Amino acid sequence: MTSTTAAPALPAEHPLVDGRTASSALVTTYRGQRGDVTPVWFMRQAGRSLPEYRELRVGTQMLDACLDPELSSEITLQPVRRHGVDAGIFFSDIVIPLKLAGVDVDIVPGRGPVLAKPVRTAADVAALPALDPAALAPISAGVARTVAQLGSTPLIGFAGAPFTLAAYLVEGGPSKDHLRARTLMHSDPDAWAGLLDWAATVTGQFLRAQVLAGASAAQLFDSWVGSLSLADYTAHVQRHSAKALLAVADLGVPTVHFGVGSGEVLSAMHDIGADVMGVDWRIPLAEASRRLGGGVPLQGNVDPALLSAPWPVLEKHVLDVLESGKAAPAHVLNLGHGVPPETDPAVLTRIVDLVHSR
Ligand code: CP3
């Protein structure tokens, strides 16, 4: 599903179509062309590591902030201004499409998404509500507002993959091994398929809304995919992830797929139709590239733990990652997972300067 030009299905004023972002370092690298400078951005660059974020969030619940176009836009722009990263990633959350569909979900600070009523049976799955496209208006407005201010810096839209969403829906909150979800997958495969199909539909709608409103790339996060065997992934998950990504396939924006602990399933994840693979910190980029057959642009994979190590240690690690990334046709520097909240933001700026100076 690799494409070299933006499809006519995008509006004429979309930044990939009107020329603002088509030749940006991020977009060209995602399309497989290695430029002079390696582009860099950080997963979870918007958020608690930034004092200006913490200040802006005082008195506003996380999901309310996501649904306020002025706030979501300002929070998205904060790390772009501060660090000079090569992309913004829209400030939102993977559970927003669930919430907009009417699922009772909240984000508990320090914990994560929590559901009032977990989805555990075929009847629970059948009762999941459809997402009215009109409910996505605050997302489209937030993206449009952000893109208007980003100029030639591309905005990345994102969504959660069906398995990661199902892990929250079935467990009712964060969990370590997603045991209940994996039990349901086998004890009631039909209910499981119905659940993942629903999740693929709503998360695809969320992703498509961001791209139509101006996002120049789309990243699908399957954060908890590492708890699956390859056999379970291919039998019970893969086609639903493919369906989620299919929601933007006709729009011609580059797509990125990322999971934590994805070494065993990396190639199967790529097969859903992703252009670029995000890699966590567990395998070197050169090894990821080898597993993918050598032709796939990569994104990653600085170990977030090293953000708090002395600069010379971190600097060497970043240079090693850049070196390893040369095995792939093209490379966007990122972390192997999100920015930890306790990260000193000055360290992130320093990484950007280092990567841009090479
Ligand atoms: O800067 C960015 O990367 C964009 C914003 C973004 C958020 N969530 C904001 C957020 C993105 C891309 C996400 C995706 C997301 N949300 C994922 C996939 C990426 C990943 O990290 O694996 C997942 C699994 C979630 C679910 C979720 N939402 C978790 C685990 C948490 C953290 C809970 C906590 O307090 O530790 C959230 C809340 C959340 N999403 C915060 C932010 C900035 C923290 C909320 C706060 O400020 O209180």
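The values are calculated or read from the model by the stated rules, or taken from the named source; none is laboratory data. Keep in mind it's a predicted model, so treat the numbers as computed, not measured. So basically every Cβ, Gly included, is an ideal-geometry build from the backbone, and we count neighbours across all protein chains shown. In case anyone asks, the SASA skips ligands and DNA or RNA and just uses the protein heavy atoms, side chains included. Shrake-Rupley method; radii C 1.70, N 1.55, O 1.52, S 1.80 Å.
Using only the alpha-carbon atoms of segment 72-195 as identical scatterers, what base-10 log of I(q)/I(0) does the Debye formula give at q = 0.15, 0.16, 0.18, 0.20 Å⁻¹? Treating every Cα as an identical point scatterer, log10 I(q)/I(0) equals -0.78, -0.85, -0.97, -1.09. Relative contact order, whole percent, for segment 256-299 stands at 42, derived from Cα pairs under 8 Å and 6 or more residues apart.
Considering every pair of different Cα atoms, what Kirkwood radius, in Å, is found for segment 207-246? Write down the numbers at each step before the final one.
On the way: mean 1/r = 0.0862 Å⁻¹.
Hydrodynamic radius (Kirkwood, Cα only) of segment 207-246 equals 11.6 Å.
Note on segment 171-264: Rg/Rh from Cα positions, Kirkwood definition for Rh, rounded to two decimals, is 0.99. The phi-based Karplus calculation (6.51 cos²θ - 1.76 cosθ + 1.60; θ = phi - 60°) puts the 3J(HN,Hα) values of segment 115-121 at 9, 5, 9, x, 9, 10, 10 Hz, whole numbers, x for Gly and Pro.
Here is the tail figure for the chain: Cα pairs spaced more than 30 Å apart come to 32 percent of all pairs. Of the residues 44, 180, the one with the largest accessible area comes first in the ranking 44, 180, computed with a 1.4 Å probe on protein heavy atoms. Calculation over all alpha carbon pairs of segment 119-163 in 5 angstrom steps from 0 returns a P(r) of 5, 15, 15, 19, 15, 12, 8, 6, 4, 1 percent.
Going by average Cβ neighbours within 10 Å, how do the peptides 281-287, 235-241 rank, with the highest at the top?
On the way: 281-287: 18.1, 235-241: 21.1.
Packing proxy ranking, top to bottom: 235-241, 281-287.
Cα-based radius of gyration for segment 166-216, normalised by 2.2 N^0.38 Å, reads 1.41.
Take every Cα pair under 8 Å in the chain that's 6+ residues apart, average their separations, divide by the length, and report that relative contact order as a whole percent.
On the way: 719 pairs, mean separation 78.1, N = 358.
Relative contact order comes out at 22 percent.
The solvent-accessible area of residue 99, taken with every protein chain present and a 1.4 Å probe, is close to 70 Å². Compactness of segment 216-328 was expressed as the Cα radius of gyration divided by 2.2 N^0.38 Å, which yields 1.11. The 3J(HN,Hα) values that the Karplus relation (6.51, -1.76, 1.60; θ = phi - 60°) gives for segment 180-185 are, in residue order, 4, 5, 6, 5, 4, 3 Hz. Gly and Pro appear as x.
How do 232, 36, 197 stack up against each other in accessible area, from largest to smallest, with a 1.4 angstrom probe?
On the way: 232 30, 36 150, 197 60 Å².
Descending order: 36, 197, 232.
Within a straight-line Cα-Cα reach of under 26 Å, residue 326 can be paired with the following lysines, leaving aside sequence neighbours fewer than 8 residues apart in one chain: 316. Relative protection proxy for 218-230, 201-213, from highest mean packing down: 201-213, 218-230 (other beta-carbon atoms within 10 angstrom). I'd like the Kirkwood hydrodynamic radius of segment 235-276, using the inverse of the mean 1/r over distinct C-alpha pairs, in Å. It is 10.7 Å.
Counting only heavy atoms of the protein chains and using a 1.4 Å probe, residue 357 has close to 90 Å² of accessible surface. Solvent-accessible surface of segment 1-97, averaged per residue with a 1.4 angstrom probe and all protein chains in place: 43 square angstrom.
In segment 226-301, Cα pairs under 8 Å separated by at least six residues give a relative contact order of 30 percent. Among 262, 308, the order of accessible area from largest down is 308, 262, computed with a 1.4 Å probe on protein heavy atoms. Percent of Cα-Cα pairs per 5 Å bin, from 0 to the last occupied bin, for segment 273-358, please list those. Pair shares across the bins are 3, 15, 28, 24, 17, 9, 4, 0.
In segment 246-300, the alpha-carbon atoms span a convex hull of 73 Å³ per residue.
Considering all C-alpha pairs of segment 1-125, those separated by over 22 Å amount to 53%.
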